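Each remark here refers to the structure printed beneath this line.
Nothing in this text is a laboratory measurement; each read-out follows from the coordinates by a stated rule. Computed from a predicted model, the values in this text were never measured in an experiment. Heads up, the Cβs are rebuilt from the backbone with ideal geometry, glycines too, and the neighbour counts pull from every protein chain shown.
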Amino acid sequence: MGQQYVTGVVKTAPKPASITGAHLQRTGNALSEKGMRRIAAQINGMGGYVDEKNIAIGAYGGWTSQPRDFGLDCRYGHIAIALSSEILGSVLQESDRLYRFQVKHKPELNRMNTAIDMGGNNLNNTNAVNAKEGVFSKTVTANGDIKSQGGWLVTQDNKGWMNSKHRGGFYMSDDEWIRAVNNKVFILEDS
């Protein structure tokens, strides 16, 4: 349909100052009145359209605005979206959103306050994962050392430690004996 989008943002009068904006379609083919109303009603947020008087009107008459107030020249037959100060100013305000970028002097905006369910998806490209404990249902692979600070390497059932290259290691299958995997022989060397 050859539509292009433009956005205009203005600062309101002081005390308290805020910003509002409009996001509008322009150029291209004009939509029918019925089409504009239907699309506007399906937009999440404050969807609307530009009427025959070139006024932006919200779905079901929920809001009105003059595109010229935002420095925009938009005509009848195009979709409009109002951008409230709550949306535009949310970076400056505390909210329940988790911010993807650091907000100076507001560490709480980058803090989760509930468990997150990844839906079976990966968590990729992390640097360090700092946690109190972890539960894994499959293999844990490390390309470096696994270190314990003041703890044990604890295994359950009849498992222990095994070197995969040389197929040797230690395990316990009863309460008395420490056994060698694959009946490997111990060599005690003087240091």
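Rank these for me by crowding, 78, 166, 23, 105, going from fewest to most other beta carbons within 10 Å.
Listing 78, 166, 23, 105 from fewest to most nearby Cβ atoms yields 105, 166, 23, 78.
Using only Cα atoms, tell me the angle between helix 33-42 and the longest principal axis of the chain; keep it within 0 to 90° and round to the nearest 10.
Its long axis makes an angle of about 30 degrees.
If we count other beta carbons within 10 Å of each Cβ, what is the order of 57, 43, 187, 116, fewest first?
Ranking 57, 43, 187, 116 by Cβ neighbours within 10 Å, fewest first, gives 187, 116, 43, 57.
Of (1) -0.66; (2) -0.74; (3) -0.82, which one was derived for log10 I(q)/I(0) by the Debye sum over Cα atoms at q = 0.11 Å⁻¹ from the structure shown?
Here the calculated entry is (2).
Given Cα pairs under 8 Å that are at least 6 residues apart, what percent is the relative contact order of region 4-90?
Averaging sequence separation for qualifying contacts and normalising by length gives 35 percent for region 4-90.
Of 132/159; 11/104; 11/53; 104/138; 138/165, which pairs sit farther than 31 Å apart, going by alpha carbon to alpha carbon?
104/138
Using Cα springs under 10 Å in a Gaussian network model of the chain, which residue among 28, 48, 169 shows the largest mean-square fluctuation?
Answer for the Gaussian network model of the chain: 169.
So what are the radius of gyration and Dmax for the Cα set of region 145-187, in Å?
Looking at region 145-187, its Cα Rg and Dmax stand at 11.6, 30 Å.
State to the nearest 20 debye the size of the charge dipole of the chain about its Cα centre, where the only charges are +1 on K and R beta carbons and -1 on D and E beta carbons.
Using only the charged Cβ atoms, the result is roughly 780 debye.
Relative contact order (percent) for the chain, with alpha-carbon contacts under 8 angstrom and 6 or more residues of separation?
RCO, the chain: 13 percent.
Amide H to amide H under 5 Å from residue 19: which residues, 5+ apart in sequence or cross-chain, H placed 1.01 Å off N in plane?
12
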